[in-house]
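Right, one structure below, let's go through it.
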Amino acid sequence: QRYGSWLFNMVRGDMGKSLLSRMQVSQLIGFALPATMLLTLAVIIVALVIGIPLGILLAYKNGTTFDVVVTVFQGVLLALPNFWLGILLILIFSVELRWLPSTGYIPFFENPLLAIKFLILPVIALGSRLTAEISRFVKHSMLETLKEDYVRTARAKGIPMVKILFKHVLRNALVPITSMIGVRFGALLGGTVIVETVFSWPGIGRLIVQAVGNRDYPVMLAGLVILIVMFVIVNLA
């Protein structure tokens, strides 16, 4: 009965009250959601800006020493847990070098330069795996597309390879890449739960972890529902 009542209220937009702070859960989610969205969008943008050109370059230099070295490095990034990488980044760039802050958050439009400074380490920790996945996926998609007949025809016509790669091959290779990014978005949201805790980032992930520790069930349930809804919307899109 209690669960049914909670579910009925959730559908109407009533997420209940926090057992700890007695604040409306919708207010807590409203404070945390912009921080999570900023971090997630920053990770996706950086991963696309680096991953797609790198994947194209790897496809062009397939089988060379550069390809082998980058592929090994990608394997290392895919194997590293993002929370361990986050702690390592804090130790190096915050504790030892003191170049970047280890914790903190500023809304982007309030102070863009300072916001980017706070974003750098969390984005690297959360986005390294996604960047490696995108670049590998782009490479393999490009290599498959390069075997098509229309590519050989374009080469036979004397069209420059750079034009073939960007105008013909990439356009067709981007279709499965777009689907892959949507699926990976779910893993990215799951990663924010850990990374936000490591960097004390005031997003939904950290809110959920705090709610679990405090046994604040309304906050925990609402946070999970919000993450699931975001994942479903992105996949539908």
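The values are calculated or read from the model by the stated rules, or taken from the named source; none is laboratory data. Note that the structure is predicted; figures quoted are calculated from it, not measured. FYI the Cβ positions are ideal-geometry reconstructions off the backbone, even for glycines, and counts take in every protein chain you see. These accessible areas exclude ligands, DNA and RNA; they are computed on the full protein's heavy atoms, side chains included. Shrake-Rupley method; radii C 1.70, N 1.55, O 1.52, S 1.80 Å.
Observations on the structure shown:
- Total residues in region 85-118 satisfying the condition of being open to solvent by 40 Å² or more (accessible area, probe 1.4 Å), outside any helix (DSSP H, G or I) and hydrophobic (A, V, I, L, M, F, W, C): the figure is 4.
- For region 193-216, the candidate set comprises residues that are outside any helix (DSSP H, G or I) and of a type in the set (A, V, I, L, M, F, W, C); within that set, the residue that is surrounded by the most Cβ atoms within 10 Å (Cβ to Cβ) is Phe199.
- Residues of region 155-181 satisfying the condition of being small (Gly, Ala, Ser) and surrounded by 14 or more Cβ atoms within 10 Å (Cβ to Cβ): Ala173
- The set of residues in region 119-154 that are assigned to a helix (DSSP H, G or I) and either open to solvent by 80 Å² or more (accessible area, probe 1.4 Å) or touching a Ser or Thr at 6+ places or on another chain (Cβ under 8 Å) (or both) comprises Leu121, Leu126, Arg129, Arg136, His140, Glu144, Asp149, Tyr150, Val151, Arg152.
- Ser21 meets all of the listed conditions (1) out of contact with any Leu (no Cβ under 8 Å at 6 or more places or on another chain); (2) modelled with pLDDT under 90; (3) surrounded by fewer than 16 Cβ atoms within 10 Å (Cβ to Cβ) but one, namely (1).
- Ser21 more than 16 Å from Gly223 (Cα to Cα) and not in a helix (DSSP H, G or I): no
- Residue selected from region 68-79 under the condition of a type in the set (A, V, I, L, M) and surrounded by 15 or more Cβ atoms within 10 Å (Cβ to Cβ), by the criterion modelled with the highest pLDDT: Val70
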